[in-house]
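> Take this structure, written in structure tokens, and hold onto it; I'll ask about it next.
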Amino acid sequence: MNGDGIVIGTSIAPHERVGIQREAITSWLNAGFLVQSFNAPDEIDRLTDGFDGVEFVSMERSGQGISGRRVIYISDMLFQLRAGGSPVCGIINSDILLTASNNFRRFVGTQADGSLLYGSRLDVASWDDRNGRLDPYGFDYFFFDRDLIPKFGETQFCLGMPFWDHWLPLASLLSGQSVRKLVSPIARHITHPTSRDDSFFAFNTYYVKVLLELTGRISAKGHDGCNGKRHREFKAFADQLGSYQLEALIQNTEGELARAEDEKLQMESLATLAKTYDQVTQSVVLFLDRNSKRINFE
């Protein structure tokens, strides 16, 4: 992949909603983006013929051990995107249709120069549905300056699993980078049933631990590269997370789960932790909304 355009990284799922993914990715190609799909080698064999214009990148490593699925690590995708040389890169879930006009690629190139640009999807019943509901808690597309990639570091987050979409803009903000939120409804997603299993809880706990590490640095050392008002916002956010006493809650829950004799106590402990995790999610979304520059695509 050369450095002449903007490349979007994704991971096409070979077993479900293949037609919807094909239509979604065609919208990216029609908008002038380059597309790379990161997949296990045997998945590529099944997908190559149905996705003209997509460059498939074989990935030997996956997050199957922690998720039960061969999902791709975000860190591995970022490494490959940086190696490709495109000055601006993106990551989008493979079932997201872009509805913006043809000059959207030029807009992205401008807005993501030295910054991270992200946004939410509009959930719809079909692509031509005139109604829709903006997802209030999740983010599905990201564009960023290639030079920002080393600042993200190595994580266990995976595409197709939860919380990486909160971590990416949050890590950018807390490292002092410019972050922009596109509020125009240019991304559409056909709704479908979803389920939560033990991996959701595992990723949630991992995500919270990453949050505590990020905000702990701010509490301990302050924050370089931002003005007084922004630093106060960051410090207030760190203090709010601290008020949830997350480390103690996680330790208590893990301790209760390790003791098999009291199932009722285990369930109560899990319910308390889940409620607190929901509060953390709301706090993060509000923090991102307050501290991201809101922009529109006309």
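> Quick one: 3J(HN,Hα) in Hz for the stretch 278-286, Karplus 6.51/-1.76/1.60 with θ = phi - 60°, rounded, Gly and Pro as x.
Each residue of the stretch 278-286 in turn: 4, 5, 4, 4, 4, 5, 5, 4, 5 Hz.
> So how far apart, in nm, are the two label points at ARG69 and GLU23 if each is 7 Å from Cα heading toward Cβ?
2.0 nm
> Sticking with this one: Would you kindly work out the equivalent ellipsoid of the chain from its C-alpha gyration tensor and give its semi-axes, the square roots of five times the eigenvalues, largest first in whole Å?
31, 24, 18
> At a Förster radius of 35 Å, what calculated FRET efficiency corresponds to the Cβ-Cβ distance of SER58 and ASP289, to the nearest 0.05?
0.40
> Sketch the reach of a paramagnetic label on LYS209 as a point 7 Å from Cα along Cα-to-Cβ, and name the residues of the stretch 141-170 whose backbone nitrogen lies under 19 Å away.
It comes to 153-159, 161-168, nothing else.
> If r is the Cβ-Cβ distance from ALA125 to ALA274 and R0 is 51 Å, what FRET efficiency results, to the nearest 0.05? Don't skip to the answer; put the middle values down first.
On the way: r = 29 Å, r/R0 = 0.57.
In this case the efficiency is close to 0.95.
> Let me ask you something else. Helix 74-84: angle to the longest alpha-carbon principal axis of the chain, degrees 0 to 90, nearest 10?
For helix 74-84, the angle is close to 40 degrees.
> Next up: Relative contact order (percent) for the stretch 7-190, with alpha-carbon contacts under 8 angstrom and 6 or more residues of separation? Let's see the in-between values first.
Details: 340 pairs, mean separation 47.4, N = 184.
Contact order relative to length: 26 percent.
> Lysine pairs in the chain 8 or more apart or on different chains: how many have alpha carbons under 29 angstrom apart?
25
> Taking N as the number of residues in the stretch 198-293, what is its Cα Rg relative to 2.2 N^0.38 Å?
1.24
Every number here is computed from the coordinates shown, using simple stated rules; none is lab data. The model shown is predicted, which means the values in this text are computed figures rather than measured ones. Cβ coordinates were reconstructed from backbone atoms using ideal geometry, including for glycine residues, and neighbour counts include every protein chain displayed.
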